[in-house]
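Student: Take a look at this one; I'll ask things after.
Each reported figure results from applying straightforward, stated rules to the coordinates on display, with no laboratory input. It should be emphasised that the depicted structure is a prediction, and the values quoted were computed from it without experimental measurement. Because the Cβ atoms are built from the backbone with ideal geometry, glycine has one as well, and the counts that use them run over all protein chains shown.
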Amino acid sequence: MSKKDKDHRWSAKVTETSDALDLKAHIFEQDDPAKIAASLKRSAEHSHRRKATPFQSAMSMLTFYINRAGKNLSAERKGKLNAAKDALREKFHRKPG
């Protein structure tokens, strides 16, 4: 198995089995940034295993996904995920980043 295959499997495993959040399946494939943010917020608020605040946990998982997908994300998909960050900040009543 190549290093690239191991890296891919590692990040997929983290996304699926994160200790911080129980994520809805395929949440990052949604087209509506508000739905992505709402699902992450719901997951973060209901998790009893997270170590940080709900906002930090939700934002960390979203950022992790964007960073790990990297150049494999289309500009449109990356734009929607970045818009989900803004929507997440709104849902948690945080200032825009």
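Student: Scanning for something in contact (Cβ under 8 Å) with a residue 40 or more places away in the chain and touching a helix residue (DSSP H, G or I) at 6+ places or on another chain (Cβ under 8 Å), does the range 72-80 turn up at least one residue?
Tutor: Going residue by residue through the range 72-80, those that are in contact (Cβ under 8 Å) with a residue 40 or more places away in the chain are 80.
Cutting the leftovers down to touching a helix residue (DSSP H, G or I) at 6+ places or on another chain (Cβ under 8 Å) gives us 80.
There is at least one residue in the range 72-80 that is in contact (Cβ under 8 Å) with a residue 40 or more places away in the chain and touching a helix residue (DSSP H, G or I) at 6+ places or on another chain (Cβ under 8 Å).
Student: When the residues of the range 67-78 are narrowed to those that are surrounded by 10 or more Cβ atoms within 10 Å (Cβ to Cβ) and basic (K, R), which ends up farthest from H93 (Cα to Cα)?
Tutor: Looking at the filtered set, the residue picked out is R68.
Student: Among the residues of the range 58-66, is any buried (at least 18 other Cβ atoms within 10 Å of the Cβ), within 11 Å of L21 (Cβ to Cβ), of a type outside the set (F, W, Y) and over 10 Å from the mean Cα position of the chain (by Cα)?
Tutor: No, every residue in the range 58-66 fails to be buried (at least 18 other Cβ atoms within 10 Å of the Cβ), within 11 Å of L21 (Cβ to Cβ), of a type outside the set (F, W, Y) and over 10 Å from the mean Cα position of the chain (by Cα).
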